[in-house]
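**Student:** This is the structure I want to talk about, given as structure tokens.
Laboratory data are not the source of any read-out in this text; all were calculated from the coordinates shown. Everything numeric here is computed off the predicted structure, so don't read it as measured data. Heads up, the Cβs are rebuilt from the backbone with ideal geometry, glycines too, and the neighbour counts pull from every protein chain shown.
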């Protein structure tokens, strides 16, 4: 009986000590992972180094740019008139699917890449004029530089195993319409293959239609690897829109929700700037940046891709003035 109180007091103390030890141990086991979880959002990637918090947030929601892709120039001996249009359509489809850019479906032009090329030179001034006429931020021209077909397989027997191969080389040039200059030239290669067991007299693997289909598959495969680099290149360019209309205190901009603008965004307004030409050769050099006039604040949106704004600072704004994110 005399030992009961002592035993009664010892067991609770032992239980508390054990519980504390377990909690402490669990805490020790969990703390490195907890610390890692807490530290991870503050780790800077290579691309974020030197950026402020505002820079990082802004880069996540840059407005989308409108892109025009001209039908490619099939600069090869392979006479397939639809391959140039097919190559451009594949690039447009890939850029649209990425949802990082706007590829308008309602743009119409009879001009193709070949119309803007003279020898090895691009008629930049003409290309930029067409891009501005159609209201896009980016113009892309493309060229199919090489198409190769090969076949290999058995030559003996009633039925032969044949493998058909096609390879294509592509190159595209990307132009900043607002700045009036080329920003990048990219090239890609693609290949396609098909296996078949054919009768000796069959000639379907030699037909022009079959070769064109193989060339299309090779173009598609080349474009798949080209799209990410084209999108990244365009996203690095400065976004800009234009003042479309001024009515009283309301100023309408030709970009809105589809482009990615957000109510409350501040836009700086600049004059349109001037085109600059080389005084000796007359070659088009680009467009000089305009003068800063003030800022606008986005209030609301209209239509599929328009915004309503009001004056935030400055004044003397005109239709056609350039707007950029502040």
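**Student:** Tell me, in nm to one decimal, what length is gained between residue 133 and residue 270 on full extension, where the rule is 0.36 nm per residue of separation less the Cα-Cα distance? It would help to have the intermediate numbers written out before the result.
**Tutor:** Details: separation 137, 0.36 × 137 = 49.32 nm, distance 1.95 nm.
Full extension from residue 133 to residue 270 adds 47.4 nm.
**Student:** Starting from the Kirkwood radius over alpha-carbon pairs of the stretch 241-325, derive D by Stokes-Einstein at 4 °C in a medium of 1.567 mPa s and give it in µm² s⁻¹.
**Tutor:** On the way: Rh = 13.5 Å.
Once the numbers are plugged in, D ends up at 96 µm²/s.
**Student:** Could I ask something else about it? Return the Cα extents of the stretch 67-235 along principal axes one, two and three, sorted largest first, each rounded to a whole Å.
**Tutor:** 63, 33, 26
**Student:** For a footprinting-style exposure proxy, rank 70, 149, 301 by other Cβ within 10 Å, fewest first.
**Tutor:** 149, 301, 70
**Student:** Using label points projected 7 Å from each Cα along Cα→Cβ, tell me how many nm separate residue 300 and residue 121, to one decimal.
**Tutor:** 5.2
**Student:** Can you compute the FRET efficiency between residue 247 and residue 208 using 1/(1 + (r/R0)^6), with r the Cβ-Cβ distance and R0 = 51 Å? Round to the nearest 0.05.
**Tutor:** After rounding, the FRET efficiency stands at 0.30.
**Student:** Between residue 108 and residue 292, what is the label-point separation in nm under the 7 Å Cα-to-beta-carbon projection?
**Tutor:** It is 4.2 nm.
**Student:** Where does each of 277, 86 land when they are ranked from fewest to most other beta-carbon atoms within 10 angstrom?
**Tutor:** Values: 277 13, 86 20.
Sorted ascending by nearby Cβ count, the order is 277, 86.
**Student:** Let me ask something else about it. Could you order peptides 315-323, 165-173 by the average number of other Cβ atoms within 10 Å of their residues, highest first?
**Tutor:** Final packing ranking: 165-173, 315-323.
**Student:** What is the gain in length, in nm to one decimal, between residue 79 and residue 185 on full extension, counting 0.36 nm per residue of separation less the C-alpha to C-alpha distance? Each step should come with its number before you reach the end.
**Tutor:** Values: separation 106, 0.36 × 106 = 38.16 nm, distance 2.50 nm.
Additional length available on full extension: 35.7 nm.
**Student:** Also, quick follow-up: Dimensions of the stretch 101-149 along principal axes (Cα, Å, largest first)?
**Tutor:** Each principal axis gives a Cα extent; for the stretch 101-149 these are 37, 25, 19 Å.
**Student:** For the stretch 224-291, take every pair of Cα atoms, bin their distances at 5 Å starting from 0, and report each bin as a whole percent.
**Tutor:** 3, 11, 15, 17, 17, 14, 11, 7, 3, 1
**Student:** Ok, one more. Tell me, 210, 175 in order of fewest to most beta-carbon neighbours within 10 Å? Don't skip to the end; give the middle numbers.
**Tutor:** Numbers: 210 17, 175 24.
Ordered by Cβ neighbours within 10 Å, fewest first: 210, 175.
**Student:** Same structure again: Using a Förster distance of 35 angstrom, determine the FRET efficiency expected from the C-beta separation of residue 193 and residue 258, and round it to 0.05.
**Tutor:** After rounding, the FRET efficiency stands at 0.30.
**Student:** Could you give the spread of the C-alpha atoms of the stretch 72-153 along their three principal axes, from largest to smallest, in whole angstroms?
**Tutor:** 51, 33, 18
**Student:** Once you have the Cα-Cα distance between residue 152 and residue 238, take 0.36 nm times their residue separation minus that, and quote the gain in nm to one decimal.
**Tutor:** 26.0 nm
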